[in-house]
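Colleague: Structure incoming, see below.
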Amino acid sequence: MSPIRLMLVDDHQVVRTGLKSFLEAQPNLQVVDEANNGREAIEHALKSRPDIVLMDITMPEMDGLEATRALKRLWPEAVVLALTVHEDKVYFMEMLAAGASGYLTKQAASDELVQAIQTVAQGHVYLQPALARWLLDDYQRLVAEKPLLAEAESAIGLDALSVRELEVLELVAQGLNNAEIGERLKLSPKTIARHRERIMNRLNLHSRTDLVKFAIRTGLVKLQ
């Protein structure tokens, strides 16, 4: 099995050195590139094409939020895992909106970092459990405050999709990647990718996080 190729983006050399030492001591993980700010991260990532970019947020020249937005625009397949000191709801929500596949604080245990890397490498989303509650709280508040809006969006949004697209959207919201969805529906991963692209175009959504939010808001999937 090929190792998961990582890129470390952090403006502190000591942090990068410590992370690299720890990660390369783990089985199946390899640090292939580093950057000390967002601008450098974009330049390096487009050249080295790592499997996962571990992205700090607060950095000089260009922060992790702006860098994630720009990287996802230039390389939509890029997988970004936020790794930051900020246990902050605003940063959490903005990084997800920017296209990050996960969010983890530097206070997390080392084994949780490895778990997060393995999770996003498989095409899933990883949200630190202590922080994921914010996402749930927002949607519970939205449903409580705007039930009529939720019903209207459900009627309009879901009607715009075919039966197959609804199946794909539901499985995306459950955390399955293209290969897993394809296996479930007996379709190729490329076909699933095309379905996802059409869904996003029809609903004017721009990321996996947007798809998950839409599926929850419209009742296609239920919060446990």
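The values are calculated or read from the model by the stated rules, or taken from the named source; none is laboratory data. Keep in mind it's a predicted model, so treat the numbers as computed, not measured. No Cβ is skipped: glycine too gets one built from the backbone with ideal geometry, and neighbour counts run over all protein chains shown.
Colleague: For region 193-218, which residues satisfy the criterion of being more than 18 Å from Val120 (Cβ to Cβ) and either exposed (fewer than 14 other Cβ atoms within 10 Å of the Cβ) or modelled with pLDDT of 85 or more (or both)?
Modeller: Arg194, His195, Glu197, Arg198, Ile199, Met200, Asn201, Arg202, Asn204
Colleague: Would you confirm, using the coordinates I've provided, whether Gly64 is at positive phi and surrounded by 15 or more Cβ atoms within 10 Å (Cβ to Cβ)?
Modeller: So Gly64 does not fit the description; no.
Rundown of residues vs (1) modelled with pLDDT under 95; (2) more than 19 Å from Gln30 (Cβ to Cβ); (3) of a type in the set (Phe, Trp, Tyr), yes/no style:
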residue	(1), (2), (3)
Val53	no, no, no
Leu65	yes, yes, no
Val80	no, no, no
Thr84	yes, yes, no
Val90	yes, yes, no
Gly99	yes, yes, no
Tyr103	yes, yes, yes
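Colleague: Which one is farthest from Leu211 (Cα to Cα) among residues in region 74-99 that are within 14 Å of the chain's Cα centre (by Cα) and part of a helix (DSSP H, G or I)?
Modeller: The extreme case among them is Tyr91.
Colleague: While we're looking at this one, here's another question. Out of all the residues in region 25-32, is one or more part of a helix (DSSP H, G or I) and crowded, with 16+ Cβ neighbours inside 10 Å?
Modeller: Of region 25-32, the ones part of a helix (DSSP H, G or I) are none.
No; the residues of region 25-32 include none that is part of a helix (DSSP H, G or I) and crowded, with 16+ Cβ neighbours inside 10 Å.
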